[in-house]
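Asks: Before we start, here is the structure in question, set down as structure tokens.
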Ligand SMILES: [Zn+2]
């Protein structure tokens, strides 16, 4: 056999082996992929193996590939699995039963901003091995506060800087994914929390502490500000020129001072979780019509503020505060409601979907393998019957939820 012939047959054998030897876990065919980076929608095949997206491309590349499961995606749309970036899965009210509701709405990850460390860790393990149906939980454990509040399991009170290092170290050892703080943390303590958290590579999320301005908290390295309402409250409590009423607070946030603030947040990568839905739920439940109407007008102003933030390149995280009963939000549905409020504020739907996919991955610095539909990314996906870019409510036209490469 001549060398050329030998090479020719070897190649055929090689191709044969590489085609037939492997049967991949899942192939989604002809599905319209919502590309959040390029803001386009393109028909592709998606090949998944071992929980990872290993190939995204057009038909011809996939000709000889075999898969154990094939989903025909014609006429369907696919987005990365959604995140609720602000929940409190507190054990005492047994939210274990609610975890499946997140999946029902396409939420494959949540960021728990204050809860019982022990139960969160157990649930996360059970979810991982699919003993429990629920989202992956990225948790902070107990909230760090400047004064005693709530149950010991949910809050650690820190009144001075002395204990900060040992507390952050022990949380880090316990495996938390970030640190959560509340508004009573004193400026000196905040500084030390941020210093110690940085040493442990843990981002710090929280209410802007009273006595520290948002500009300073951002410069000092807070990774996210939780609740637009808490940001507004911090204006009443900033060390220099505190605002005296809500009219002035709103004027600050939509005016030049707001624009300066958002530039600072953008430069420092300080994210914002507006949780507008909590305000809407409370307003809707208000019995007095006059108060209700006032609440609705205030909500419109808040939407305008969030739009101004996005216009100034602030990164937004969609969250619901699910788990605090008084706030009336629920698992799953409330995230879609929050996304609708963001969309109604005039933010384009690619950005709205990013607030619940790519942006939380960026918060945890895992955006290289979570939050997009790309080769090498975690296969958390939601298939929809209608295009969510055309109408954000189409997020409710769920077809399949895929978590870690498996239909759940
Ligand atoms: Zn909260």
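The values are calculated or read from the model by the stated rules, or taken from the named source; none is laboratory data. From a predicted model like this one, the values you see are computed outputs, not experimental measurements. Here the Cβ positions follow ideal geometry from the backbone for every residue, glycine too, while neighbour counts run over all protein chains shown.
Okay, residues lined up against (1) surrounded by fewer than 23 Cβ atoms within 10 Å (Cβ to Cβ); (2) within 26 Å of residue 238 (Cα to Cα):
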site: 131; (1), (2): yes, no
site: 134; (1), (2): no, no
site: 155; (1), (2): yes, yes
site: 163; (1), (2): yes, yes
site: 171; (1), (2): no, no
site: 174; (1), (2): yes, no
site: 179; (1), (2): no, yes
site: 186; (1), (2): yes, yes
site: 191; (1), (2): yes, yes
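Asks: Still on this model: Please verify whether region 69-79 includes one or more residues that are more than 30 Å from residue 331 (Cβ to Cβ), touching a residue at least 12 places away in the same chain (Cβ under 8 Å) and exposed (fewer than 13 other Cβ atoms within 10 Å of the Cβ).
Replies: Let us first name the residues in region 69-79 that are more than 30 Å from residue 331 (Cβ to Cβ), namely 70, 72, 74.
Pick out the ones that are also touching a residue at least 12 places away in the same chain (Cβ under 8 Å) and you get 70, 72, 74.
Filter once more, so that each one left must be exposed (fewer than 13 other Cβ atoms within 10 Å of the Cβ): 72, 74.
Yes, that holds for at least one residue.
Asks: Separate question: Kindly indicate whether residue 122 is within 16 Å of the ligand (Cβ to nearest atom) and surrounded by fewer than 22 Cβ atoms within 10 Å (Cβ to Cβ).
Replies: Details: within 16 Å of the ligand (Cβ to nearest atom): no; surrounded by fewer than 22 Cβ atoms within 10 Å (Cβ to Cβ): yes.
No; evaluated as a whole, the condition is false for this residue.
Asks: Can I ask one more? So, in region 304-341, exactly how many residues are in a helix (DSSP H, G or I), more than 18 Å from the chain's Cα centre (by Cα) and either crowded, with 21+ Cβ neighbours inside 10 Å or within 16 Å of the ligand (Cβ to nearest atom) (or both)?
Replies: Result for region 304-341: 4.
Asks: Can I ask one more? Does region 131-140 contain at least one residue that is within 16 Å of the ligand (Cβ to nearest atom) and assigned to a helix (DSSP H, G or I)? First the steps, then the outcome.
Replies: Our first condition is that a residue be within 16 Å of the ligand (Cβ to nearest atom); within region 131-140, this holds for 137-140.
Filter once more, keeping what is assigned to a helix (DSSP H, G or I): none.
The answer is no; no qualifying residue exists.
Asks: Consider residue 54 carefully, then state whether it is surrounded by 20 or more Cβ atoms within 10 Å (Cβ to Cβ), part of a strand (DSSP E or B) and either away from the ligand (no atom under 15 Å from the Cβ) or not assigned by TED's automatic domain parsing to the domain that holds residue 396 (or both). Spell out the reasoning first.
Replies: Details: surrounded by 20 or more Cβ atoms within 10 Å (Cβ to Cβ): no; part of a strand (DSSP E or B): yes; either away from the ligand (no atom under 15 Å from the Cβ) or not assigned by TED's automatic domain parsing to the domain that holds residue 396 (or both): yes.
When the stated conditions are applied, residue 54 does not pass them.
Asks: Residues of region 24-51 being without any contact (Cβ under 8 Å) to a residue 60 or more places away in the chain and surrounded by fewer than 21 Cβ atoms within 10 Å (Cβ to Cβ), which ones?
Replies: Answer for region 24-51, where residues must be without any contact (Cβ under 8 Å) to a residue 60 or more places away in the chain and surrounded by fewer than 21 Cβ atoms within 10 Å (Cβ to Cβ): 24, 29, 30, 38, 40, 42, 43.
Asks: On to the next question. Identify, by number, the condition in (1) within 15 Å of the ligand (Cβ to nearest atom); (2) assigned to a loop (DSSP other than H, G, I, E, B) that residue 111 doesn't meet.
Replies: (2)
Asks: Is it the case, given these coordinates, that residue 379 is touching a helix residue (DSSP H, G or I) at 6+ places or on another chain (Cβ under 8 Å) and modelled with pLDDT of 95 or more? Give the steps one after another, and end with the answer.
Replies: Numbers: touching a helix residue (DSSP H, G or I) at 6+ places or on another chain (Cβ under 8 Å): no; modelled with pLDDT of 95 or more: yes.
No: the conditions fail for residue 379.
For every residue, the table says whether it meets (1) within 16 Å of the ligand (Cβ to nearest atom); (2) touching a strand residue (DSSP E or B) at 6+ places or on another chain (Cβ under 8 Å); (3) at pLDDT below 95; (4) assigned by TED's automatic domain parsing to the domain that holds residue 272.
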| site | (1), (2), (3), (4) |
| --- | --- |
| 223 | yes, yes, no, yes |
| 227 | yes, yes, no, yes |
| 231 | yes, yes, no, yes |
| 240 | no, no, yes, yes |
| 247 | no, no, yes, yes |
| 251 | no, no, yes, yes |
| 260 | no, no, no, yes |
